[in-house]
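**Student:** Quick one: structure below, then a few questions.
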Protein chains: 2
Amino acid sequence: MATDQAQSEAATSDTYEEFEQRVRRISNVSNAAGILQWDQEVVMPEEGTPARAQQLSALSSVGHELLTDDETGELLAELESAELTDEQAAVVREVRRRYDRETSVPQELVEEISETTANAHPKWKEAKENDDFEAFAPTLEKLVELKREYANHIDPDADPYEVLFSDYEPYLDLETAEHVLEQLRDELVPLIDAIDDSDTEIETDAFAGTFEDDDQEALARDVLDSLGYDWGRGRLDTAPHPFSSGTQFDARVTTRFEEDDLLGSITSTIHEFGHANYTLGLPDEGYGTPLGESRDLSVHESQSRLWENHVGRSRPFWEHFLPIARERFPGLEDVSPEAAYEAANQVHDDNLIRVEADELTYHLHIVIRFEIERDLISGDLAVEDVPEVWNDKYEEYLGVRPETDAEGCLQDIHWSHGSFGYFSTYSLGSVLAAQLYDAAEGELGDLDDDIRAGEFGELNGWLRENVHQHGKQFTTPELIERATGEEYTAEYFLEYVKSKYGELYDLEEY
Amino acid sequence: MATDQAQSEAATSDTYEEFEQRVRRISNVSNAAGILQWDQEVVMPEEGTPARAQQLSALSSVGHELLTDDETGELLAELESAELTDEQAAVVREVRRRYDRETSVPQELVEEISETTANAHPKWKEAKENDDFEAFAPTLEKLVELKREYANHIDPDADPYEVLFSDYEPYLDLETAEHVLEQLRDELVPLIDAIDDSDTEIETDAFAGTFEDDDQEALARDVLDSLGYDWGRGRLDTAPHPFSSGTQFDARVTTRFEEDDLLGSITSTIHEFGHANYTLGLPDEGYGTPLGESRDLSVHESQSRLWENHVGRSRPFWEHFLPIARERFPGLEDVSPEAAYEAANQVHDDNLIRVEADELTYHLHIVIRFEIERDLISGDLAVEDVPEVWNDKYEEYLGVRPETDAEGCLQDIHWSHGSFGYFSTYSLGSVLAAQLYDAAEGELGDLDDDIRAGEFGELNGWLRENVHQHGKQFTTPELIERATGEEYTAEYFLEYVKSKYGELYDLEEY
């Protein structure tokens, strides 16, 4: 009996090892593609595109074939009926999910989507430049159809939008997301109105002026130094659309510098630090398996938003950081920490552009896209009607109507990528950031003094222990519940913004 | 009859297309690995190594499996008995060669070599630092054994060193290489002696002084501008050991800056330009197949040496370039083009270090390594006797005896990589450079006026047409014969150096 059991354990262990080797190989091919993408955005000469496109396509199809190979299916089936450790079971769960999804979509459809999005990008760009929605509409229509078809292959019984959403956020269900977004809409619209009606004038010109790129870069490095970025495993570069990418051994940050937007460069750098810092907190020994990979987009965004907003837009942060900024920019000599804080938290209710939005109006930009996407995918909204519905919603939620589609429904690149269901993770992450920050302060006590002293180690230690180190071992709801002791909720975010902006704008009712 | 033929042609065309797709995929995976290697040398954070090693290993084994798959063998067999165009036949020939070699070596041996070299590198480094050959000897012995075994799998009937040599230079046979190296030894030793005995003093301190990195970088960019480097498909960075890499869409140069060695940075930049310029001359439409890949190491080195030596160490080049250099370094105001030319062509017969050698003594460094490698692999020389034989040969050929193994047989990294048979391609390339340069001048007329005017277009056009654009369509001997009308020969190189150094050092007998 003991011998039988020992034999069976040994067999499982061999099978698991073979499985893990396969998983690591797939992951390494995908991480290699990540380096090629970083290279393309940051250092590749401009005419390198044709070769790069072929290289990325080769890695993607090699990875797909390794994952969807019959052998992967056989190993999964064998392991699912074996005795596994919790960690092993988590790896099997994550790979199973990807395997099922990738095997259910015919390769021809994947290629058609890939080709259509490749062509959609220049079409979208041209349409935006010419403010000509009709030129993009047929492509958008085609993408909506293809993505519906894609969702139908994965789960013919499910709401297709739910399937698409779960590509980005597999474990928070769409109902939860929808509920959170409704709460944001219902609570933020009146809050923003109250700010708009308030007579309180906050300081907005603390960072007015022009700032040299080289000095901005030096300051971005100061920001990263100050937050504790691990330069031995990272680097800072510029990219037109800042992003972070990499692995726990090499998690790189990009940012951008505009001479009249020093604050934008600082907040963007802090945001990307948050992403990279999550990646750097993944366990080394998990590299190559889901145990060493970050949880999905909402959790990733919770990390960038926590650092950007709860740290980087806080009063104590500016008490800490303004003296550092003054060393690079002596012109900031007369700016007070309070003025910097106010400038960093200015609410613009007349803003039409998502990427220029503040911490409050941002979510209404997301709600609008979410509502439109849902109706587009369900068929309740025709592509041709998108501009009007878009403009109506901007008027309703933000009190401002775009005069052109270029600053309306054509502003974002995402739909040209075929990314439907993605936007909401930005808001879901902000909401989670508040919940995590509250839990961290619950355990560590108020963090203001730490931040004022430029000491971020305790906060980061808490995030490492409660979020980063777990990789994908737990599902998102499990991870949240373990870290905070509660289910995922918008309560802390709403509390945070009401209290912060109520005080800042002197709002009686908040 | 016509229909049968049409059907057979269509079938061949389908088979060829399937084959080419496979070849392109393998090539794209390998080019992706090239980007990862560039990244590792140039921009990767220092702690990124563990993940990078796994990524490169995954790409290498994926590429190996795609190449050695039975399907590749079946497609090759089918195409070899079909009617193909010359270009198709060349692709089949090149892939067949790689396929046969890679399928004949057992994967376990490949992995053992890979593991041994991975461990050999730190061992070699430490041995060199401690001047302790004995600490490296067992590893070297193991590598010699493994590479002998490797050669034996590829061709049990051939001289194992010949098999190893043909990994780097498949089409020039070892006998030719050996003959050329003997000629170099026999002719260069007396030439260097004559220089040593000459009373002529040449100017050597034209570039004495210290030079800021930033200014050196600006000048390196001037060099590349001046030679016509295509920045739309390239970039310049620094690396501890300069190299070039990439494809015709993206061929990057690296160089290095030492504050007391401006000349070294300029010549290294020109050398790497020559490599990158070859890559950039490969036909776009051949990308992903051997038709769009460079011929082997000797031809590659001929391109770097042609630009470095025949252009960059010529009198007219310094007449052209010194005024440019003076703009970056006003301290060069009093240096004459003749003094710069002399400094760039100083012969140091007392030099122990290959990478610091001049255009003449360089080849004796190579001859010594070649002779030692041959005897090591054949078993005529025991590893333990390498240091003594090394030192004896330095004394015999260069009249200088290393006092330590660190500046003797431990100086180069190559053996720790298991690279036996590689060194000679450096000399073979220099020899070919002279032959090609002579042929170019034969067709275009004397190029001195062009170079003096900073006009490199005609020379480069000739190289594009006669060398670069052919990719791997022709074997190396075919390529040389088509380009020069003659078989590969050391005659032009020997003529070139005798005439150049005879004049420079005022040698009566030359």
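**Student:** Please enumerate the residues belonging to the range A:57-66 that are free of Cβ contacts under 8 Å to residues at least 24 places away in the same chain and either touching an Asp or Glu at 6+ places or on another chain (Cβ under 6 Å) or more than 8 Å from chain B (Cβ to nearest Cβ) (or both).
**Tutor:** A:Glu65
**Student:** Can you tell me which residues in the range A:79-118 are closer than 28 Å to A:His414 by Cβ and assigned to a loop (DSSP other than H, G, I, E, B)?
**Tutor:** Once the filter is applied, which keeps residues that are closer than 28 Å to A:His414 by Cβ and assigned to a loop (DSSP other than H, G, I, E, B), the range A:79-118 yields A:Val105, A:Pro106.
**Student:** Another one. Does any residue of the range A:7-16 turn out to be of a type in the set (Ser, Thr, Tyr) and within 30 Å of B:Ala251 (Cβ to Cβ)?
**Tutor:** no
**Student:** Same structure, new question: Need a quick list: helices (runs of 4 or more DSSP H) entirely within the range A:143-258 having at least 2 residues that are without any contact (Cβ under 8 Å) to a residue 12 or more places away in the chain.
**Tutor:** A:174-197, A:213-227
**Student:** Collect the residues in the range A:211-228 that are buried (at least 19 other Cβ atoms within 10 Å of the Cβ) and more than 21 Å from the chain's Cα centre (by Cα), keeping them in residue-number order.
**Tutor:** A:Phe211, A:Gln216, A:Leu219
**Student:** Within the range A:363-478, which helices (runs of 4 or more DSSP H) (wholly inside it) include 3 or more residues that are over 30 Å from A:Gly281 (Cα atoms)?
**Tutor:** Passing ranges, in order: A:386-398.
**Student:** A:Asp215 versus (1) modelled with pLDDT under 95; (2) away from chain B (no Cβ under 14 Å): which is the lone unmet condition?
**Tutor:** (1)
**Student:** A:Trp231 versus (1) of a type in the set (Phe, Trp, Tyr); (2) within 14 Å of chain B (Cβ to nearest Cβ); (3) buried (at least 17 other Cβ atoms within 10 Å of the Cβ): which is the lone unmet condition?
**Tutor:** (3)
**Student:** Of the residues in the range B:234-254, how many are within 12 Å of chain A (Cβ to nearest Cβ), surrounded by fewer than 17 Cβ atoms within 10 Å (Cβ to Cβ) and under 16 Å from the mean Cα position of the chain (by Cα)?
**Tutor:** Qualifying residue count, the range B:234-254: 0.
**Student:** Would you please name the residue that is surrounded by the most Cβ atoms within 10 Å (Cβ to Cβ), looking only at residues in the range B:344-359 that are under 21 Å from the mean Cα position of the chain (by Cα) and acidic (Asp, Glu)?
**Tutor:** That would be B:Glu359.
**Student:** Among the listed residues A:Gly445, A:Gly399, which satisfies the condition of being surrounded by fewer than 21 Cβ atoms within 10 Å (Cβ to Cβ), in contact (Cβ under 8 Å) with a residue 24 or more places away in the chain and within 28 Å of A:Arg313 (Cα to Cα)?
**Tutor:** Sole residue among the options that is surrounded by fewer than 21 Cβ atoms within 10 Å (Cβ to Cβ), in contact (Cβ under 8 Å) with a residue 24 or more places away in the chain and within 28 Å of A:Arg313 (Cα to Cα): A:Gly399.
**Student:** Tell me, which residue of the range A:276-285 that is surrounded by 24 or more Cβ atoms within 10 Å (Cβ to Cβ) and not hydrophobic (A, V, I, L, M, F, W, C) is farthest from the other protein chains (Cβ to nearest Cβ)?
**Tutor:** Filtering first and then ranking leaves A:Tyr278.
**Student:** Which numbered condition trips up A:Phe273, out of (1) within 14 Å of another protein chain (Cβ to nearest Cβ); (2) buried (at least 24 other Cβ atoms within 10 Å of the Cβ)?
**Tutor:** (1)
Each row is one residue, and each column tells you yes or no for (1) among the β-branched types (Val, Ile, Thr); (2) touching a residue at least 12 places away in the same chain (Cβ under 8 Å); (3) within 14 Å of chain B (Cβ to nearest Cβ).
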| site | (1), (2), (3) |
| --- | --- |
| A:Gly264 | no, no, no |
| A:Tyr287 | no, yes, yes |
| A:Arg305 | no, yes, no |
| A:Glu308 | no, yes, no |
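**Student:** Applying the selection to the range A:480-501, what residues are buried (at least 17 other Cβ atoms within 10 Å of the Cβ) and free of Cβ contacts under 8 Å to residues at least 12 places away in the same chain?
**Tutor:** The answer is none; no residue qualifies.
**Student:** Among the listed residues A:Asp39, A:Asp69, which satisfies the condition of being at pLDDT 95 or above, within 14 Å of another protein chain (Cβ to nearest Cβ) and surrounded by fewer than 17 Cβ atoms within 10 Å (Cβ to Cβ)?
**Tutor:** A:Asp69
**Student:** So, B:Gln21, is that one surrounded by 14 or more Cβ atoms within 10 Å (Cβ to Cβ), more than 7 Å from chain A (Cβ to nearest Cβ) and either assigned to a helix (DSSP H, G or I) or out of contact with any Asp or Glu (no Cβ under 8 Å at 6 or more places or on another chain) (or both) or not?
**Tutor:** It is false that B:Gln21 is surrounded by 14 or more Cβ atoms within 10 Å (Cβ to Cβ), more than 7 Å from chain A (Cβ to nearest Cβ) and either assigned to a helix (DSSP H, G or I) or out of contact with any Asp or Glu (no Cβ under 8 Å at 6 or more places or on another chain) (or both).
**Student:** Would you mind finding the one in B:Glu74, B:Glu78, B:Glu17 that is out of contact with any Leu (no Cβ under 9 Å at 6 or more places or on another chain) and within 30 Å of A:Gln40 (Cα to Cα)?
**Tutor:** Only one candidate passes the filter, namely B:Glu17.
**Student:** Continuing with this model, one more query. Tell me yes or no: at least one residue of the range A:42-53 is polar (S, T, N, Q), surrounded by fewer than 16 Cβ atoms within 10 Å (Cβ to Cβ) and at the interface with chain B (Cβ under 8 Å from one of its Cβ atoms).
**Tutor:** Looking through the range A:42-53, at least one residue is polar (S, T, N, Q), surrounded by fewer than 16 Cβ atoms within 10 Å (Cβ to Cβ) and at the interface with chain B (Cβ under 8 Å from one of its Cβ atoms).
**Student:** Which condition breaks for B:Tyr99 when tested against (1) more than 10 Å from chain A (Cβ to nearest Cβ); (2) in contact (Cβ under 8 Å) with a residue 40 or more places away in the chain; (3) surrounded by 17 or more Cβ atoms within 10 Å (Cβ to Cβ); (4) not charged (D, E, K, R)?
**Tutor:** The failed condition is (2).
**Student:** Also: Could you grab me the full set of residues in the range B:25-36 that are at the interface with chain A (Cβ under 7 Å from one of its Cβ atoms) and of a type outside the set (Gly, Ala, Ser)?
**Tutor:** B:Arg25, B:Asn28, B:Val29, B:Asn31, B:Ile35, B:Leu36
**Student:** Determine if the range A:412-421 includes at least one residue that is crowded, with 22+ Cβ neighbours inside 10 Å, over 30 Å from A:Trp124 (Cα atoms) and over 15 Å from the mean Cα position of the chain (by Cα).
**Tutor:** no
**Student:** Within the range A:479-510, which residues are within 16 Å of A:Gln183 (Cα to Cα) and assigned to a helix (DSSP H, G or I)?
**Tutor:** A:Glu491, A:Tyr492, A:Phe493, A:Leu494, A:Glu495, A:Tyr496, A:Val497, A:Lys498
**Student:** Which residues, counting only those in the range B:353-411, are polar (S, T, N, Q) and under 25 Å from B:Tyr150 (Cβ atoms)?
**Tutor:** B:Ser378, B:Gln411
**Student:** Look through the range B:342-362, keep the residues that are of a type outside the set (A, V, I, L, M, F, W, C) and not in a loop (DSSP other than H, G, I, E, B), and return whichever of them is nearest to B:Glu407 (Cα to Cα).
**Tutor:** Ranking the candidates gives B:Arg354 first.
**Student:** Answer with yes or no whether B:Leu76 is in contact (Cβ under 8 Å) with a residue 40 or more places away in the chain, hydrophobic (A, V, I, L, M, F, W, C), more than 9 Å from every other protein chain (Cβ to nearest Cβ) and surrounded by 15 or more Cβ atoms within 10 Å (Cβ to Cβ).
**Tutor:** Answer is yes for this residue.
The values are calculated or read from the model by the stated rules, or taken from the named source; none is laboratory data. Being a predicted model, the structure only gives us computed values, none of them experimental. Neighbour counts run over all protein chains shown; Cβ positions are idealised from the backbone, glycine included.
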